[in-house]
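Participant: This is the structure, below, for whatever I ask next.
Nothing in this text is a laboratory measurement; each read-out follows from the coordinates by a stated rule. No experiment lies behind these values; they were computed from the predicted model shown. Note that each Cβ is placed from the backbone with ideal geometry, even for glycine, and that neighbours are counted across all protein chains shown.
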Amino acid sequence: MARIIVVTSGKGGVGKTTTSASISTGLARRGHKTVVIDFDVGLRNLDLIMNCERRVVYDFVNVIQGEASLNQALIRDKRVDTLYILPTSQTREKEALTKEGVEKVINELSETFDYIICDSPAGIEHGAMMALYYADEAIVVTNPEVSSVRDSDRILGILQSKSRRAEMGQDPVKEHLLLTRYNPDRVNRGEMLSVADVEEILAIPLLGVIPESQVVLNSSNQGLPVILETESDAGQAYDDAVARLLGEEREQRFMTNQKKGFFSRMFKGG
Amino acid sequence: MSDTATSGVKHGFQLRSASVSMTALELYYFDDDEFEETLRQKINQAPGFFRDIPLIISLEKYEGLSTELDFFKIIGTCRRNNIHVIGVRGGNDDQRRLARGAALALMPGTGQRDRAHDADAAPEKAVELPVSPTPTAASKTTTDAPPARIISHPVRSGQQIHAPEGDLIILAPVQAGAEVLAAGNIHIYGPLRGRALAGIHGAESARIFCQSLEAELVSIAGHYKISEDLQDNGWRSAVQIQLKDDLLVVTPLDKA
């Protein structure tokens, strides 16, 4: 059985697609057969970040509606041969994702893949609900700021009440916190929440901290998952996160210089 | 669903689903005089609580004869005591027909099993009950305090946890944007960052306890304070909140 992992956040622009691309690439590079599905119907981005936008013929919605087979729609990554991308449609509506249709596709993928990564759209509407519904695990991507943390909290509540696991009364969806765009200097100046602040509020295990970096922007413009930038902080941070996802113990990095967080400054007069 | 949404015509009203917690009277058998006496005793225990409340007659544990069920007498007795009977829950077809005749609403039973069949299947039960007569109805409700609802996971933004009868105990944070409500007390072994409403049916003795007061709103029996008014006293520390002379009072737990 495949592990089904949703990458979600509630808030937009926090790095869900970047994370989906890097986590799936990282899993595949370790030899696990991995597929990453773009659930953001109408705002197709994943194929750009994976640099396969010119190879899209059929998409997720075509498969759901029976217009193409899964094998016709899956795109094999050119860099990592155990990685596949299931792109989404740019022209359809989110409602094209039906619960039954998504289930059929996920079941079929489960037969051959080790990991299914679901790249969720922002918000808590239909597309986001479909992306998280079948998940076994969730990577909650959060930026170190109050509104992003609030939205992540909302998504965590939905995972624990509206997912298939919740509805069936099975073990709850396993939650991982991934803090992205982290800047220790700005944390020190009290402009950002610290890792400790976010962990304290959300109360879920920390999968990793991805430092704010120009490399992330550059690589996504080039269609390169940032995890392949192995020299960069952000690339290494994603590699750590993948290792932890697979059960390895790795010390947290890239969160240094943290002395006083936003909250302690605000409220204790730091 | 789409016709009202798309037509754009504004109607005089809109139907919405609503859930309201109500008191159910679990009827075991019906004897007119005894019914009124037991009812009066109950009301005397908490006159404020019972005044003008809606009431459901639950027939799921009714063991008497259907012919003894006189809904007009039940309604009349309740009316004399300022209680409004609005419907019945459960019961067999005959009983429900009688209730309908008395203009009562019919609600599905929680057990889903037909009492008539149940009695057939287990006749010894039906015989057994009359041996312990009057006290059953009275003592059942007084000694069994409603159990507390215990929640051990964080209550997240957008979630609502409701304890319609007793206390609510939460062994985790209540996050900003979350709401917890209880008829009785609310205990939070963690920070309270969202809203907490205790004594929602008017119990003024209800209290709220939390390990760190960071709430958006706290309310006891309808008296509330918002975050702005909570900053000066006990903010971000362990407190209890209670109602004294119609005022919400926040007391640090170490000085309690």
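Participant: Using the alpha carbon gyration tensor of the stretch B:23-120, what are the three equivalent-ellipsoid semi-axes (square root of 5 times each eigenvalue), largest first, in whole Å?
Facilitator: 23, 13, 13
Participant: Restricting things to alpha carbons, find the Rg to Rh ratio for the stretch B:147-255 using the Kirkwood radius for Rh.
Facilitator: Rg/Rh: 0.92.
Participant: Continuing with the same structure: Sum up the charges of everything whose Cβ sits under 14 Å from the Cβ of residue B:169, counting Lys and Arg as +1 and Asp and Glu as -1, but leave residue B:169 out.
Facilitator: Local charge sum for residue B:169: 0.
Participant: From the P(r) of the stretch A:1-111, could you give the percentage of C-alpha pairs in the tail past 20 Å?
Facilitator: Within the stretch A:1-111, distances greater than 20 Å cover 36 percent of Cα pairs.
Participant: Please compute the volume of the convex hull spanned by the alpha-carbon atoms of the protein assembly as shown and report it per residue in Å³.
Facilitator: 221
Participant: Hey, another quick one. Enumerate the amide H contacts of residue A:192 below 5 Å, restricted to partners 5 or more residues apart or on another chain; note that Pro and chain-start residues carry no placed amide H.
Facilitator: Under 5 Å from the amide H of residue A:192: A:187.
Participant: With a Förster radius of 45 Å, plug the Cβ-Cβ distance of residue B:94 and residue A:162 into 1/(1 + (r/R0)^6) and report the FRET value to the nearest 0.05.
Facilitator: In this case the efficiency is close to 0.60.
Participant: Same structure again: Once you list every other residue whose beta carbon is under 13 Å from the beta carbon of residue A:234, what net charge do they have if Lys and Arg are +1 and Asp and Glu are -1?
Facilitator: Within the 13 Å Cβ shell, the charges total -4.
Participant: Of all DSSP beta bridges in the protein assembly as shown, what percent run antiparallel (nearest 5)?
Facilitator: Here the antiparallel bridges make up roughly 20 percent for the protein assembly as shown.
Participant: Using a 7 Å offset from Cα along Cα-Cβ at residue B:73, what residues in the stretch B:28-57 end up with backbone N under 19 Å from the label point?
Facilitator: Of the residues in the stretch B:28-57, B:28-42, B:57 have backbone N under 19 Å from the label point off residue B:73.
Participant: Among the DSSP beta bridges whose two residues both lie in the stretch B:147-255, what percent are antiparallel, rounded to the nearest 5?
Facilitator: Antiparallel bridges: around 35 percent, rounded to the nearest 5.
Participant: Work out, step by step, the length gained on full extension between residue A:67 and residue A:231: first 0.36 nm times the residue separation, then minus their alpha carbon distance; give nm to one decimal.
Facilitator: 54.8 nm
Participant: Points 7 angstrom from Cα along the Cβ direction at residue B:63 and residue B:232: gap in nanometres?
Facilitator: Placing both labels 7 Å beyond Cα along the Cβ direction yields 5.9 nm.
Participant: Would you kindly state how much longer the chain becomes between residue B:246 and residue B:38 on full extension, computed as 0.36 nm times their sequence separation minus their alpha carbon distance, in nm to one decimal?
Facilitator: 71.7 nm
Participant: Provide A:156, B:15 in ascending order of the number of other Cβ atoms located within 10 Å of each residue's Cβ, fewest first.
Facilitator: B:15, A:156
Participant: Would you pull out the residues with amide H under 5 Å of residue A:182's amide H, same chain only if 5 or more places away, H placed 1.01 Å from N?
Facilitator: A:210, A:212
Participant: Tell me which trypsin sites (Lys or Arg not before Pro) from the stretch A:63-135 have a DSSP coil assignment and no more than 11 other beta carbons within 10 Å of their own.
Facilitator: Hits after loop and neighbour filter: A:78.
Participant: Now, a different point. Hey, got the Cα dimensions of the stretch A:3-65 along the principal axes, in Å, largest first?
Facilitator: 31, 29, 22
Participant: OK, next. Given the Cα atoms of chain A, and with Rh set as the inverse mean 1/r over their pairs in the Kirkwood sense, what is Rg to Rh to two decimals?
Facilitator: 0.97
Participant: Right, here's the next one. For every other residue with a beta carbon closer than 12 angstrom to the beta carbon of residue A:151, add +1 if it is Lys or Arg and -1 if Asp or Glu, then tell me the sum.
Facilitator: Neighbourhood net charge equals +3.
Participant: How many nm is it between the label spots at residue B:81 and residue A:30, if each spot is 7 Å from the Cα in line with the beta carbon?
Facilitator: 6.7
Participant: Sticking with this structure for a sec: Using the basic label-point model (7 angstrom from Cα toward the beta carbon), what is the residue A:108 to residue B:103 distance in nanometres?
Facilitator: Placing both labels 7 Å along Cα→Cβ, they lie 6.0 nm apart.
Participant: Give me, ordered by chain and number, the residues 5 or more places off residue B:181 or on other chains with an amide H under 5 Å from its own placed amide H.
Facilitator: B:161, B:162, B:163, B:197
Participant: Please compare each pair in B:42/B:225; A:11/A:94; A:16/A:104; A:11/A:174; A:94/A:162; A:16/A:78 to a cut-off of 28 Å on the Cα-Cα distance and tell me which ones are over it.
Facilitator: Long pairs (Cα-Cα over 28 Å): B:42/B:225.
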